[in-house]
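The values are calculated or read from the model by the stated rules, or taken from the named source; none is laboratory data. Predicted model only: the values in this text are computed from it and were never measured. Backbone-built Cβ (ideal geometry, glycine too); neighbour counts: all protein chains shown. Keep in mind that these areas ignore ligands, DNA and RNA; they rest on the heavy atoms of the full protein, side chains included. Shrake-Rupley method; radii C 1.70, N 1.55, O 1.52, S 1.80 Å.
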Amino acid sequence: MHDRPHKPHADRIVKQFREEVGARISAEVSDKDFDGLSVMIESALNTAVMDALNTTVEEIQQLADHTRKRASGEV
């Protein structure tokens with residue numbers, strides 16, 4: 001089974017959206033469509049988190065490189 005840490009948050013967003021658009025509009029949209037919206041939101045959250053993690057990894061690598069150079073007297 002895959003870990004889906006952002007699914008609960010995506011589901012909460014869709015639930016809130018359903019409440020905001022009201023019962024009449026929510027009734028016109030199928031549960032399958034709302035489930036699809038939840039998956040899209042979850043995917044967007046995953047992408048945003050992965051982008052942030054990749055940026056952090058790059059920054060840590062740059063810091064490690066700079067520290068290594070400083071330790072060897074290059075900087």
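Of all the residues that make up the stretch 19-38, how many are open to solvent by less than 80 Å² (accessible area, probe 1.4 Å) and either within 25 Å of ARG4 (Cα to Cα) or in a loop (DSSP other than H, G, I, E, B) (or both)?
Qualifying residue count for the region: 6.
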Candidates SER26, SER43, SER30, filtered to the one that is touching a Lys or Arg at 6+ places or on another chain (Cβ under 6 Å) and free of Cβ contacts under 8 Å to residues at least 24 places away in the same chain
SER26
Go through the stretch 38-69 and report how many residues are β-branched (Val, Ile, Thr) and under 10 Å from the mean Cα position of the chain (by Cα).
3
Do we have any residue at all in the stretch 63-73 that's in contact with a helix residue (DSSP H, G or I) (Cβ under 9 Å, 6 or more places away or on another chain) and either at pLDDT below 95 or in a loop (DSSP other than H, G, I, E, B) (or both)?
no
Among the residues of the stretch 9-18, count how many are open to solvent by less than 70 Å² (accessible area, probe 1.4 Å) and either closer than 11 Å to LEU45 by Cβ or part of a loop (DSSP other than H, G, I, E, B) (or both).
2
